[in-house]
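The values are calculated or read from the model by the stated rules, or taken from the named source; none is laboratory data. Just so we're clear, the structure is a prediction, and the values are computed from it rather than from any experiment. We place every Cβ from the backbone using ideal geometry, glycine too, and count neighbours over all the protein chains shown.
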Amino acid sequence: MTNGQPLVPAMFIFGDSVVDAGNNNDLKTIIKADFPPYGRDFVNRKPTRRFCNGKLASDFTAENIGFTDYPPAYLSEEAEGNNLLIGANFASASSGYYETAATLYHTLSLSKQLENYKEYQNLLVAIAGKSNASSIILDGVYLISSGSSDFLQNYYINPLLYKFYTPDQFSDILIESYANFVQNLYELGARKVGVSTLPPLGCLPVAIEVFGEDSNECVAKLNSNAVSFNNKLNATTQKLQKKFSDLKLVVFDIYQPLYNLVTKPSDNSFAEARKACCGTGLLETSIFCNPKSIGTCANASEYVFGMDFIHRRLQTRF
């Protein structure tokens, strides 16, 4: 931050629940987070429609860049007038690189998020003027967080996919979608783009519970699929950088930091790495994580999967 100004004029956020700041609340979907205990550790102690007890990784990134406010969820009431000058959040929980992942849950696919972004650009021109809008678009930072829902909420549980595609083949489909999405963003003016890798999918509580075969250990096969996908993501990113010489495309590794937290929680001041903070900590998410979820933890800071704290440790920045 220079002279009290953010390092960039705006942030534009795309992806899934890791960065969704509330767009799902305005959709006909059960994948929502507009009720407690979501938001209980946020500034106002109220649900913010984030799938988190506090701030998201993208919120911390905005603060680190120098913003005093967060880019509003594009479908929210806050997304109007001067609020849009600092960008917007287009992410939607349960979406993914695979187009039909969002269709299954009635959320916003990446292609729909891109349509909303195009609409945003027209609004921005009306608010700021063509010249200022162009500068905001060109100099802004673009963040992408996607892929986890493609595997955990789609591929692994959908026989139409896992019986037809190997994990390697499915990841190729996702990578092609990623490359097309980045190219579309570039054509619309994006020049500073950051994308996060997949986390260690096999270490997530729900993955261990569903696919762990009565083991409390990370599911090696799922982690292997994530590593394979991440390798392809890195290789494709390098190709895109070579193709577009003025594109700054950065991959943020969240796999290794989270794996270290899960496998060595006490070394990182955590007490619980197997369960999440809500309910039993094994399956609860979205509407299943609610005020009546028995067992919800009192102190999320002790949990690797206490959401706010995992986001804090996995925050990304340019």
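Answer with yes or no whether Gly81 is out of contact with any helix residue (DSSP H, G or I) (no Cβ under 7 Å at 6 or more places or on another chain) and at pLDDT 85 or above.
No: the conditions fail for Gly81.
Can you go through Val250, Val262 and tell me which one is of a type outside the set (Gly, Ala, Ser), over 19 Å from Ser149 (Cβ atoms) and at pLDDT 95 or above?
Just a single option satisfies the conditions, and that option is Val250.
If you take just the helices (runs of 4 or more DSSP H) that sit entirely in the range 181-271, which of them hold at least 3 residues that are crowded, with 16+ Cβ neighbours inside 10 Å and in contact with a Gly (Cβ under 9 Å, 6 or more places away or on another chain)?
Ranges flagged: 205-211, 220-243.
For the range 136-161, which residues satisfy the criterion of being part of a helix (DSSP H, G or I) and surrounded by 15 or more Cβ atoms within 10 Å (Cβ to Cβ)?
Of everything in the range 136-161, those that are part of a helix (DSSP H, G or I) and surrounded by 15 or more Cβ atoms within 10 Å (Cβ to Cβ) turn out to be Ile136, Ile137, Ser148, Ser149, Asp150, Phe151, Leu152, Tyr155, Tyr156, Leu161.
In the range 123-146, how many residues are over 25 Å from the mean Cα position of the chain (by Cα) and aliphatic (A, V, I, L, M)?
5
Filter the range 185-213 for residues that are closer than 30 Å to Lys130 by Cα and in contact with a Phe, Trp or Tyr (Cβ under 9 Å, 6 or more places away or on another chain) and give the result.
Selection gives Leu185, Tyr186, Leu188, Ala190, Arg191, Lys192, Val193, Gly194, Val195.
Checking the condition outside any helix (DSSP H, G or I), under 24 Å from the mean Cα position of the chain (by Cα) and in contact (Cβ under 8 Å) with a residue 12 or more places away in the chain, which residue from Tyr120, Tyr97 passes?
Exactly one of Tyr120, Tyr97 is outside any helix (DSSP H, G or I), under 24 Å from the mean Cα position of the chain (by Cα) and in contact (Cβ under 8 Å) with a residue 12 or more places away in the chain, namely Tyr97.
Please go through the range 109-163 and pick out each residue that is among the polar types (S, T, N, Q) and either more than 19 Å from Asn180 (Cα to Cα) or touching a Phe, Trp or Tyr at 6+ places or on another chain (Cβ under 6 Å) (or both).
Gln113, Asn116, Gln121, Asn122, Ser131, Asn132, Ser134, Ser135, Ser146, Gln153, Asn154, Asn158
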